[in-house]
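Enquirer: There's a structure below that I have some questions on.
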Amino acid sequence: MFLEQIKQPNDIKNIAPENYNTLAEEIRQFLIQSISETGGHLGSNLGVVELTMALHLSLNLPEDKVIWDVGHQSYTHKILTGRQAGFESLRKFGGMSGFPKRCESDCDCFDTGHSSTSISAGLGFVKARDLKGEKNTIVSVIGDGSLTGGMAYEALNNASRMDSNFIIVLNDNNMSISENVGGMSKYLNNIRTADNYLQIKEDIYHSLLQKSYGNRVVSTIRKTKNSLKQLVVPGMFFEDMGITYLGPVDGHDIQGLLKVFKEAKRCKTAVLVHVLTKKGKGYGPAEKHPARFHGAEPFQIENGVPKKLKEKSNYTDIFSTVMIKMGNRNSDLVAITAAMPDGTGLKRFRNTFPDRFFDVGIAEQHAVTFAAGLAAGGLHPVVAIYSSFLQRAYDQILHDVCLQNLPVVFAVDRAGLVGSDGETHQGIFDLSFLSSIPNMHVLAPKNKWELSDMLKFAIKFQGPIAIRYPRGAAYDGLEEYRSKIEMGKSEVIYEEQDIALLAVGSMVETAEIIRKNLIESGYSCSLINARFVKPIDTECIQELCKNHSLLVTMEENVSSGGFGQKVRQFVDGISKETEVLEIAIPDEYVEHGNVAILKQELGIDAASITQKILERKQSVKA
């Protein structure tokens, strides 16, 4: 097997060209087998096997740099840099990340996880290279989907002014920019990037610019040339910006890719190489259902069916069902998402109310301001975005929605610890950043029925409001506790004395276990479902301080700016007898791994919290 010969970076260069296709097939089979066992991003990685091989054959890593946009398509890159053995622990706690990590390899030059960032980062590498007088090659790889993000265009605008080589690879797996126009495109690419052509063009422009009339003549030549190219060359959008365009090129033709990368390295400006790939290539189920295999759970190779079938409904399912019901009742209800209709549960709403559903692509900032416009225009928008991605639109939430006090509902999915995708995807900051904004109201449900009630409440509310809920199976306990949602009011589930657990959202389930542990240890314990993180229920807290010596706040969010800090600040102002114990995630980024393991490591699982409470009570007695 040729794959066995890849032990370290650049080993691929020892493989004979006639064996490249065999190696590509071996990599695909390895990825399918490995990800079927661990889960991971399969479709995107199967689509870039040849592209990644061509980059590694064209470059000298780690001296040359490849910046992957998002980074979930970097599995082949990891294999070709000697990390094949790490796939046994892919996305597991303490194991190999599913994204590029600088701490993992010198060949991972930039940590990624969110989209539309690679061109900006690449420009930084280019300028650092030039200022240091180095000669290495910088390549940014970006997908066509990521080009819906405004940050990519801000970077392209800057890249157009480059006067040194910078290669941008557009991995287009949906042919969304232009179709292959055949031989003319290849012919013009060869002419425009040939050594003689580039030197002659540079000499002529330089000579003309020395004359008094030079600028006018050069401008006329460029306009004439671009008018002709507009007729025959795809990618004129990039050319008009001042970025040389090469392509489209077949992203599964290694020799063709090697040729175009060789041409791209000759350019003394920013150059965009347009590569056409097929998502899920080489595995039938992934080719047929690319969305399903974007982030796949362990599956059966023969048919692609998940090994573990979903049994219980999750919070996203509940959200999806309620949105359909409310859509039927309210013709002003509209829904918005940023390229995640399936992931956020809005696919059904789209199918039922196609005119009232808007997928704006990977453009969270635009999604929020677009929602503000819809609300100002008299509609009631619900914006469904994952917690980790919503933080990209903080300014728009603050200025465009909350400043105007507009009735926009934020359905914050994947809040709290999400597990295997790691630092860039953990939704552990939303309670802090959302509750820092004036006019915003923030809720979190304890179970699936409360999510339904909260969403109905939010849709009727005339102001900015956010509901955050976790990934995974929806908790169906405490069904008998279903009181009416009232603004800023928490729910008392068990009323006793001495210790009071004030739990936010998903932590209510954990609090139930802790309460039982404390009762078994001889303590009396109240349990409060906080419901609202902003505003907090000050009346309830004031009452608790009368007959409780310890208030324990519990949240799946970082401690800084979170629920616990708000409660502590309030209690410090009204009581000297009542202590507050804050249970939250430390102010640090949380790596990938199973959520249960992460909670243990962070000390927010039931056993750890129980121990902390008992230690606090025993220290007071002492």
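The values are calculated or read from the model by the stated rules, or taken from the named source; none is laboratory data. Everything quoted here is computed from the prediction, not taken from an experiment. No Cβ is skipped: glycine too gets one built from the backbone with ideal geometry, and neighbour counts run over all protein chains shown. Just so you know, the surface numbers come from the protein's heavy atoms only, side chains and all, with ligands and any DNA or RNA stripped out. Shrake-Rupley method; radii C 1.70, N 1.55, O 1.52, S 1.80 Å.
Enquirer: Could you check the spin-label model distance between Asn136 and Asp476? Points 7 Å from the Cα along Cα→Cβ, value in nm.
Expert: About 5.4 nm separates the two model spin labels.
Enquirer: Ordering Thr148, Thr117 by how much accessible area each has at a 1.4 Å probe, largest first, what is the list?
Expert: Output order, biggest surface exposure first: Thr148, Thr117.
Enquirer: Let me ask another. Within the chain, what's the longest run with no GluC sites (Glu not before Pro) in a DSSP loop and at most 14 other beta-carbon atoms within 10 Å? Give the range, please.
Expert: Counting at most 14 other Cβ atoms within 10 Å as exposed, the longest clean stretch of the chain is 312-478.
Enquirer: Give me the percent of accessible area attributable to carbon and sulfur for region 544-622, probe 1.4 angstrom.
Expert: Ligands and nucleic acids excluded, carbon and sulfur reach 46 percent.
Enquirer: Let me ask something additional. Test of the criteria: in region 516-622, which chymotrypsin sites (Phe, Trp or Tyr not before Pro) are in a DSSP loop and have at most 15 other Cβ atoms within 10 angstrom of their Cβ?
Expert: Tyr589
Enquirer: If you fit an axis through the alpha-carbon atoms of helix 195-209 and take the longest principal axis of the Cα set of the chain, what angle between them do you get, 0 to 90°, nearest 10?
Expert: 90
Enquirer: Still on this structure, please answer the following. Applying the Karplus parametrisation 6.51 cos²θ - 1.76 cosθ + 1.60 with θ = phi - 60° to the phi angles of region 329-342, what ³J(HN,Hα) value in whole Hz is obtained for each residue in order, glycine and proline being reported as x?
Expert: 8, 10, 6, 8, 6, 10, 10, 9, 9, 10, 6, 10, x, 6
Enquirer: Given the Cα atoms of the chain, and with Rh set as the inverse mean 1/r over their pairs in the Kirkwood sense, what is Rg to Rh to two decimals?
Expert: Value, to two decimals: 1.03.
Enquirer: Beyond 23 Å, what share of the Cα-Cα pairs of region 34-133 remains, rounded to the nearest whole percent?
Expert: 23
Enquirer: Provide the FRET efficiency to the nearest 0.05 for the Asn60-Ser436 pair, computing r from the beta carbons and using R0 = 41 Å.
Expert: On the way: r = 46 Å, r/R0 = 1.13.
The pair Asn60/Ser436 has a calculated efficiency of 0.35.
Enquirer: Mark the label point 7 Å from the Cα of Asn174 along Cα→Cβ and return the residues of region 270-303 whose backbone N is within less than 14 Å of it.
Expert: Those under the cut-off are 277-280, 290-292, 294.
Enquirer: Could you work out how far helix 118-131 tilts from the main Cα principal axis of the chain, as a 0 to 90 degree angle to the nearest 10?
Expert: For helix 118-131, the angle is close to 60 degrees.
Enquirer: If you take the Cα Rg of region 1-44 and divide it by 2.2 N^0.38 Å, with N the number of residues, what do you get?
Expert: Compared with the compact-globule rule of thumb, region 1-44 sits at 1.27.
Enquirer: Any chance you could tell me what percent of the C-alpha pair distances in region 506-582 go past 14 Å?
Expert: Details: 1809 of 2926 pairs.
So the portion of pairs separated by more than 14 Å is 62 percent.
Enquirer: With runs of 4+ DSSP H residues as the only contributors, calculate the mean residue ellipticity of the chain at 222 nm using -39,500 (n - 2.57) per run, divided by the residue total and rounded to the nearest 500.
Expert: After summing the helix terms and dividing by the residues of the chain, the value is -12000 deg cm²/dmol.
Enquirer: Looking only at region 72-113, which residues have a backbone nitrogen under 20 Å from a spot 7 Å from the Cα of Met1 in the C-beta direction?
Expert: Flagged as within label range: 74-91, 96.
Enquirer: I've got another one for you. Probe radius 1.4 Å, ligands and nucleic acids ignored: give me the carbon and sulfur share of the accessible area of region 459-535 as a rounded percent.
Expert: The computed percentage sits at 45.
Enquirer: While we're on this one: Helix 538-547 versus the longest principal axis of the chain: what angle, 0 to 90°, nearest 10, using Cα atoms?
Expert: Helix 538-547 and the main axis of the chain meet at about 50 degrees.
Enquirer: Show me the trypsin sites (Lys or Arg not before Pro) within region 52-128 that DSSP assigns to loop and that have at most 13 other Cβ atoms within 10 Å of their Cβ.
Expert: Arg102
Enquirer: Hey, another quick one. Using square roots of five times the C-alpha gyration tensor eigenvalues, list the equivalent-ellipsoid semi-axes of region 460-617 in whole Å, biggest first.
Expert: 21, 21, 17
Enquirer: Return the aspartates and glutamates within reach of Lys135: Cα separation strictly under 17 angstrom, same-chain partners fewer than 8 residues apart disregarded; answer none if there are no such residues.
Expert: Glu63, Asp64, Asp163, Glu263
Enquirer: If region 296-382 were replaced by its equivalent ellipsoid, with semi-axes equal to the square roots of 5 times the Cα gyration tensor eigenvalues, what would those be, largest first, whole Å?
Expert: So the three semi-axes of region 296-382 are 29, 16, 10 Å.
Enquirer: Say R0 is 25 Å: what FRET efficiency, to the nearest 0.05, do Glu88 and Ala596 get from their beta-carbon distance? Provide the component values of the computation, followed by the final result.
Expert: On the way: r = 20 Å, r/R0 = 0.80.
Efficiency, rounded to the nearest 0.05: 0.80.
Enquirer: Also, quick follow-up: Taking 0.36 nm per intervening residue step and subtracting the Cα-Cα distance, what contour gain separates Glu582 from Lys288 on full extension? Could the numbers behind the result be given before it?
Expert: Working: separation 294, 0.36 × 294 = 105.84 nm, distance 4.82 nm.
The span from Glu582 to Lys288 would gain 101.0 nm if fully extended.
Enquirer: Still on this structure, please answer the following. What nm distance separates the two modelled labels at Gln497 and Ala607, each placed 7 Å from Cα along Cα→Cβ?
Expert: 3.4
Enquirer: OK, next. Report, ordered by chain and residue number, the lysines lying within cross-link reach of Lys456, taken as a straight Cα distance under 20 Å and ignoring same-chain residues fewer than 8 apart.
Expert: Those lysines meeting the cut-off are Lys325, Lys347, Lys446, Lys448, Lys484, Lys489, Lys534.
Enquirer: Can you work out the accessible area per residue across the chain, with the rest of the protein chains kept in place, probe 1.4 Å, in square angstrom?
Expert: 42
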